Amino acid sequence: MTNKYMYFIANWKMFGNLKTLNSINKVISFTKKNKKNKFKLVYCPPASLLFPLSKKLQATSIDIGGQNCHESQNFGANTGYINSKMLKDVGAKYVILGHSENRQLGESDKLINSKIQSSIKSGLKVIFCIGETLKQKKKKITKRVLFSQISKGLKKIRNKKNIIIAYEPVWSIGSGMIPREYELFEIIKYIKNKVRGVKVLYGGSVNSKSIKNLKKINNVDGFLIGGASQVSKNFIDIIKKTYN
Ligand code: 13P
């Protein structure tokens, strides 16, 4: 059982529509009933749902965040993109950057660094994702990979108070596989040594079963949850089980 302040961040990826938002009512009433628990819930829905969700969550303690953004803070001729100021404008407090699904599409560490800088300037908190592939894990170069992602991604960012690191091993995302407890503890310790004072979340196949093991890792500051965050009951179960 923990009493620690934990983050539970829902990354809906490209799932959800206006109808789906009704399912969040259950989570809203859960947070209202559980005021004494110290936790922060953040929903990162697809861009199409940011504004309606922001309105829906207005009188609650739940925050919203974007799933990515453009590196420029200015309006511009960039078809299909939104920037950090625009996220802020619709009520977002957070933005996920450097997610492996976007790295795989070609986002470089340099680009991620520009996005982080611009988001911080816009007053957002950044959920900065890092993680190794299965191939890199097998080669035993996980720490080297993480070090490279951290040092390039956070280059020139002196004040890290608005940075939260999400360690998401690529091989664990959507696969049902999670790291061994001691491995995860060691990696989080490694990240916290490299970036002093930063909160570190874990992401990858977090669900109401795996949480029983994941919550034992006492240096983790919360979870970035994909699939299981789309069903309110599962999301609530994860939170409940973390504290029980
Ligand atoms: P799953 O929880 O579906 O494995 O996704 C993790 C993730 O990518 C969150 O950003």
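The values are calculated or read from the model by the stated rules, or taken from the named source; none is laboratory data. These numbers were taken from a predicted model, which means no experiment stands behind them. All Cβ positions, even for glycine, are placed from backbone atoms using ideal geometry, and neighbour counts span all protein chains on display. Protein only, heavy atoms only, side chains kept; ligands, DNA and RNA dropped before computing areas. Shrake-Rupley method; radii C 1.70, N 1.55, O 1.52, S 1.80 Å.
Taking a straight Cα-Cα cut-off under 20 Å and skipping sequence neighbours fewer than 8 places away in the same chain, the aspartates and glutamates within cross-link reach of K32 are D63, D237. In this rough spin-label picture, where each label sits 7 Å from Cα along the Cβ direction, the Y182-K19 distance is 5.0 nm. Over the range 86-244, the hull volume per residue, using the convex hull of the C-alpha atoms, is 120 Å³. Ranked by the mean number of other Cβ atoms within 10 Å of their residues, highest first, the peptides 226-238, 173-185 fall in the order 226-238, 173-185. Of the cross-linked pairs K38/K216; K189/K212; K121/K155; K110/K194; K4/K115; K121/K161, those separated by over 23 Å at the C-alpha level are K4/K115. Only residues of the range 163-196 count here: report those whose backbone N is under 20 Å from the spot 7 Å along Cα→Cβ of V231, or say none. Under 20 Å, as judged by backbone N against the label point of V231, lie 173-178 of the range 163-196.
The residues of the range 137-211 have, on average, 56 Å² of accessible surface per residue, using a 1.4 Å probe with all protein chains present. As a length-normalised measure over Cα pairs under 8 Å and 6 or more apart, the relative contact order of the chain settles at 21 percent. Estimated at the nearest 10 Å², the accessible area of C129 is 0 Å² with a 1.4 Å probe.
Would you mind getting the Kirkwood hydrodynamic radius of the range 39-101 from its Cα pairs, rounded to one decimal in Å?
That comes to 12.2 Å for the range 39-101.
Average the reciprocal distances over every distinct pair of alpha-carbons in the range 1-80, invert the result, and give the Kirkwood radius in Å. Mean inverse Cα-Cα distance, inverted, gives 14.2 Å. Per-peptide packing, taken as the mean over residues of other Cβ atoms within 10 Å, places 196-208, 51-63 in the sequence 196-208, 51-63 from highest down. Modelled spin-label separation between K209 and K38, with each label point placed 7 Å from Cα along the Cα-to-Cβ direction: 3.3 nm. When the chain is described by a simple charge dipole with +1 on each Lys and Arg Cβ and -1 on each Asp and Glu Cβ, the residue from I120, P46, Y243 located farthest towards its positive end is Y243. Its relative contact order, with pairs defined as Cα atoms under 8 Å and 6+ residues apart, puts the range 51-95 at 45 percent.
Among the protein heavy atoms of the range 40-110, carbon and sulfur supply 52% of the accessible surface, probe 1.4 Å, non-protein parts ignored.
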